[in-house]
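Any read-out appearing in this document is the output of simple, stated calculations on the displayed coordinates, not a laboratory observation. Being a predicted model, the structure only gives us computed values, none of them experimental. Ideal geometry is used to build each Cβ from the backbone, glycine not excepted, and the neighbour counts take in all protein chains shown.
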Amino acid sequence: MMTDPRYAIYFVPAPDTALYRFGSGALGYDCFTGADIATFDALPVDAGAWRELTREPRRYGFHATLKAPFRLAEGRTEGELIGEFVEFSETIDVAPIIEPAVRLLQHFVAIMPVAVGAGLDRLAASCVKHFDGFRAPLTGDDRSRRLATHLTARQIGHVERWGYPYVFEEFRFHMTLTGALSADRQEPMLAYLQGGLACSHGDGPIKIDRLALLRQDSPVARFVVLAHRAIS
């Protein structure tokens, strides 16, 4: 059965950067082309186990969420969304910069900022607000899924108003590298991916200098980049 596609606005590094090669290599998926790609040569687990450990984030591609996945509101079109995305990207005059660290977030490994930055929070909040007119109300299944986790009253309020719990003061920039890990795998995977980022990207900052609009055609499909624009 066909379902309405979902769209999302992410930070996705440019495809020719060491950061993107590292992150997409970790997941084994290139969201610019929609194709599987080879993962790392020397893995801490066998290749099958690695693919299973990265299965969930592979569906989304290597990214940081700015506007969480949504379906188009009635009367809105993909063409209008792309046009608005291009215009919006041109209004961003400062690209936030973060000092990255590979850390555990709950039970998965992600690239996160060492310190929270107001500029990055403003960019995410602007994306949430600006594109909300394109967002259809959550389906019953989507609402149940987003409320199924242990949320605070404030986060539940965000789901009801904005369709997603982790916005504004609840926003935490992160670029996911694994799915949920068992306790015995967390530290080995963390150490491995810390070393991988250091070898590929180095210890320099990450400039949040690009916005990407992605589409997911069905719940089991992967997100693919529809449009991407550099920001200053």
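Per residue of the chain, the DSSP helices (runs of n ≥ 4 H) give a summed -39500 (n - 2.57) that works out to -11000 deg cm²/dmol at 222 nm. Relative to the longest principal axis of the Cα atoms of the chain, helix 153-162 runs at roughly 60 degrees. Ranking Leu213, Pro137, Leu81 by Cα position along the charge dipole of the chain, where only Lys, Arg, Asp and Glu carry charges on their C-beta atoms, puts Pro137 farthest toward the positive end. Taking amide H as placed 1.01 Å from N in the peptide plane, Phe131 has no amide H partner under 5 Å among residues 5 or more places away or on another chain. Note on Ile156 and Ser182: the model spin-label points, each 7 Å out from Cα along the C-beta direction, lie 3.4 nm apart. Distance between the pseudo-spin-label points of Asp141 and Ala38 (7 Å out from Cα toward the beta carbon): 3.7 nm.
Applying 0.36 nm per residue to the separation of Thr77 and Arg122 and subtracting their alpha-carbon distance, the gain on full extension is 13.5 nm.
If I build a Gaussian network model for the chain, linking alpha-carbon pairs within less than 10 angstrom, which residue out of Arg143, Arg103, Arg55 has the largest mean-square fluctuation? Among Arg143, Arg103, Arg55, the largest mean-square fluctuation in the Gaussian network model of the chain belongs to Arg143.
Each Lys and Arg Cβ is given +1 and each Asp and Glu Cβ -1; about its Cα centre, the chain then shows a dipole of about 380 debye.
Full extension of the chain segment joining Ala191 with Val45 gains 51.3 nm, where the gain is 0.36 nm per residue of separation less the Cα-Cα distance. Applying 1/(1 + (r/R0)^6) with R0 = 22 Å to the Cβ-Cβ distance of Ser232 and Ala18 gives a FRET efficiency near 0.55.
What's the local net charge at Phe85, with K and R +1, D and E -1, over the other residues with C-beta under 11 Å away? Please report the intermediate quantities before stating the final value.
On the way: positive: Lys67, Arg229; negative: Glu78, Glu80, Glu84, Glu87, Glu90.
For residues surrounding Phe85, the net value is -3.
Expressed as a fraction of 2.2 N^0.38 Å, the value expected for a compact globular protein of N residues, the C-alpha radius of gyration of the range 101-232 is 1.18.
Spacing of the modelled spin labels on Lys207 and Glu170, each 7 Å from Cα toward Cβ, amounts to 3.3 nm.
Phi angles across the range 117-128 convert, under the Karplus curve 6.51 cos²θ - 1.76 cosθ + 1.60 with θ = phi - 60°, into 3J(HN,Hα) values of x, 5, x, 5, 4, 5, 4, 4, 4, 5, 5, 4 Hz, Gly and Pro given as x.
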